[in-house]
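The values are calculated or read from the model by the stated rules, or taken from the named source; none is laboratory data. Note that the structure is a prediction, hence the values are computed from the model and not measured. Ideal geometry is used to build each Cβ from the backbone, glycine not excepted, and the neighbour counts take in all protein chains shown.
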Amino acid sequence: MRRKIHSLIVRSEFKLQQNDFLIAKNESEHKSLSSKIADFHQEMDAVKSLSQSLYPQGVLNKEKLLAIQRRQGVLKRKLADMKMQVSQVLLEKERCETDKETLSEKKKLFLKKIDKYHFLRMRDRRERRLREVRMEESEIEERVSWQR
């Protein structure tokens with residue numbers, strides 16, 4: 001029984017370590033995704049300011065006006081692509097958060113199991129000591145009865 005309990009404790013502790021590793025990996029991925037989102041927002045702000053700076057000022061001929069409109073169109077497409085990329089990264093971040101919740105629940109489960117196995121180990125030790133004490137008492141009583 002002791003060996004079984006010990007093997008269960010060792011296995012649960014190993015799974016807990018694996019789970020902690022996955023949690024750390026998940027947290028680093030979460031930080032990476034957050035920094036990606038921040039980078040996209042900075043780049044989007046730069047593109048917006050560049051697009052606004054291209055508005056025509058003063059007297060322009062038709063060629064310059066069309067060139068400015070083409071540049072603004074390119075910047076608007078780039079901005080739309082970046083928004084789509086941000087939404088994809090946000091979806092990944094949400095998935096990462098749900099994975100983190102799942103891993104946290106698993107960690108709680110492993111900790112409960114380990115506590116349960118430690119309790120079982122202590123109870124088994126206590127019961128074994130009590131059996132030994134009872135056996136010793138019965139042996140002493142037997143010796144005393146033989147001596148009479």
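Worth a mention:
- Within the range 1-28, residues that are more than 13 Å from residue 104 (Cα to Cα) reach partners that are of a type in the set (Ser, Thr, Tyr) and surrounded by 12 or more Cβ atoms within 10 Å (Cβ to Cβ) with beta carbons closer than 7 Å, at six or more positions or on different chains, in the pairs 5/117; 8/117; 9/117; 12/117.
- Total residues in the range 67-102, condition within 12 Å of residue 44 (Cβ to Cβ) and of a type in the set (Asp, Glu): 1
- Residue match in the range 90-111 (condition: aromatic (Phe, Trp, Tyr) and at pLDDT below 90): no
- With respect to being surrounded by 12 or more Cβ atoms within 10 Å (Cβ to Cβ), under 30 Å from residue 125 (Cα atoms) and touching a Leu at 6+ places or on another chain (Cβ under 8 Å), residue 8 falls outside the description.
To keep it simple, each residue is scored yes or no on (1) surrounded by 15 or more Cβ atoms within 10 Å (Cβ to Cβ); (2) among the charged types (D, E, K, R).
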{"residue": "16", "(1), (2)": "yes, no"}
{"residue": "33", "(1), (2)": "yes, no"}
{"residue": "57", "(1), (2)": "no, no"}
{"residue": "64", "(1), (2)": "no, yes"}
{"residue": "87", "(1), (2)": "no, no"}
{"residue": "90", "(1), (2)": "no, no"}
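- Residue match in the range 40-59 (condition: within 25 Å of the chain's Cα centre (by Cα) and either of a type outside the set (Phe, Trp, Tyr) or at pLDDT 85 or above (or both)): yes
- When the test is whether a residue is of a type outside the set (D, E, K, R), within 30 Å of residue 50 (Cβ to Cβ), at pLDDT below 95 and out of contact with any strand residue (DSSP E or B) (no Cβ under 9 Å at 6 or more places or on another chain), residue 120 does not pass it.
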